[in-house]
Amino acid sequence: MYKVSLKSLALGVAAALAFVGITTGAQAQSDTVEVSATLRQAVTVTTQTDVSFGDVDVNLSGSGSLTLNPDGSFSTSGSDITSAGTGSITAGQIDITGANGVSIDVSCSAATVANASAETIAVPTNIANGTASSGTACGGVGATAITVSLTGGATSLHMGATLALANMGSVTTTGAFSSTNSGGAASTVQAVYQ
């Protein structure tokens, strides 16, 4: 009778399995993952013209509002605030460029103008594709106001704004008000691919 040790038996079985191509350990498996990217032109937003009401005649204790429309025309409510028709009067113009034929969501914020005494006026803004006589109200950066298609990879938008006596409650003096003064804030326009 033959005596076979357990160790000899294990070595013999391992040798037999190796001979027929079977291994006792786990076999490693691999595959490949391909990588691709479609590059497109980054969206750019460039201000060409700032919004300017020019000279505005106002009765600070009155009521009403004056809207500078995206096409540069004025709309008024009440008689206590009117355009004097003098000074630099311009609707804003914003140029947007990006990939040709894609849709862009545009959002914008209101502005705040301040005088040298740091008195401030909230100024709601509106935006339009082209030079429409009225625009869509800006609801804040990230809240889409309009969606535009970049035909030819570019478009021009126009911005208007409203000066309302209701927003001038703390104002006691007249004079130059601007978003560039301390306490002021410009309207921010953001454009993102859909």
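The values are calculated or read from the model by the stated rules, or taken from the named source; none is laboratory data. Remember, it's a predicted structure, so these values are computed and weren't measured experimentally. Positions of Cβ are backbone-derived with ideal geometry, glycine not excepted, and every protein chain shown enters the neighbour counts. We work out accessible area using only protein heavy atoms, side chains counted, and drop any ligands, DNA or RNA first. Shrake-Rupley method; radii C 1.70, N 1.55, O 1.52, S 1.80 Å.
Give me the residue from the stretch 66-93 that is part of a loop (DSSP other than H, G, I, E, B) and within 18 Å of A164 (Cβ to Cβ) and, out of that set, most open to solvent (accessible area, probe 1.4 Å). Spell out the reasoning first.
Start the filter on the stretch 66-93 by keeping residues that are part of a loop (DSSP other than H, G, I, E, B), which leaves 69-73, 78-80, 84-88, 91.
Now drop any that are not within 18 Å of A164 (Cβ to Cβ), which leaves 69-70, 73, 78-80, 84, 91.
Numbers: N69: 13, P70: 2, S73: 45, G78: 53, S79: 100, D80: 43, A84: 43, A91: 16 Å².
Among those that are part of a loop (DSSP other than H, G, I, E, B) and within 18 Å of A164 (Cβ to Cβ), it is S79.
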>> Checking S63 against (1) outside any loop (DSSP other than H, G, I, E, B); (2) within 16 Å of I121 (Cβ to Cβ), only one condition comes out false. Which one?
In response: (1)
> Which members of the stretch 132-181 meet the condition of being open to solvent by 40 Å² or more (accessible area, probe 1.4 Å) and part of a helix (DSSP H, G or I)?
Replying inline: T151, G152, A166, N167
> When both residues are 6+ apart or on different chains and their Cβ atoms are under 8 Å apart, which pairs have a first residue that lies in the stretch 66-84 and is at positive phi, and a second that is open to solvent by less than 40 Å² (accessible area, probe 1.4 Å)?
Replying inline: G72/A91; G78/G62; G78/G64; G78/S65; G78/L165
> Which residues, taken from the stretch 77-113, are under 30 Å from T147 (Cβ atoms) and hydroxyl-bearing (S, T, Y)?
Replying inline: S77, T90, T97, S103, S107, S109, T112
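Could you tell me whether the stretch 111-127 includes any residue that is surrounded by fewer than 14 Cβ atoms within 10 Å (Cβ to Cβ) and under 23 Å from Q190 (Cβ atoms)? First the steps, then the outcome.
Of all residues in the stretch 111-127, those surrounded by fewer than 14 Cβ atoms within 10 Å (Cβ to Cβ) come to 116-118.
Next cut, under 23 Å from Q190 (Cβ atoms) only: none.
No, the stretch 111-127 contains no residue that is surrounded by fewer than 14 Cβ atoms within 10 Å (Cβ to Cβ) and under 23 Å from Q190 (Cβ atoms).
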>> Condition check: over 30 Å from G153 (Cβ atoms), open to solvent by 50 Å² or more (accessible area, probe 1.4 Å), of a type outside the set (F, W, Y) and free of Cβ contacts under 8 Å to residues at least 12 places away in the same chain. Does T38 satisfy that?
In response: no
> Among G87, G62, which is the only one that is in contact with a helix residue (DSSP H, G or I) (Cβ under 7 Å, 6 or more places away or on another chain), at pLDDT below 95 and closer than 30 Å to M159 by Cβ?
Replying inline: G62
> Hey, any hits in the stretch 29-51 for a residue that's outside any loop (DSSP other than H, G, I, E, B) and of a type in the set (A, V, I, L, M)?
Replying inline: yes
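Kindly evaluate N126 against the criterion of being within 14 Å of H158 (Cα to Cα) and either part of a strand (DSSP E or B) or without any contact (Cβ under 8 Å) to a residue 60 or more places away in the chain (or both). Working first, answer last.
Numbers: within 14 Å of H158 (Cα to Cα): yes; either part of a strand (DSSP E or B) or without any contact (Cβ under 8 Å) to a residue 60 or more places away in the chain (or both): yes.
Yes; evaluated as a whole, the condition is true for this residue.
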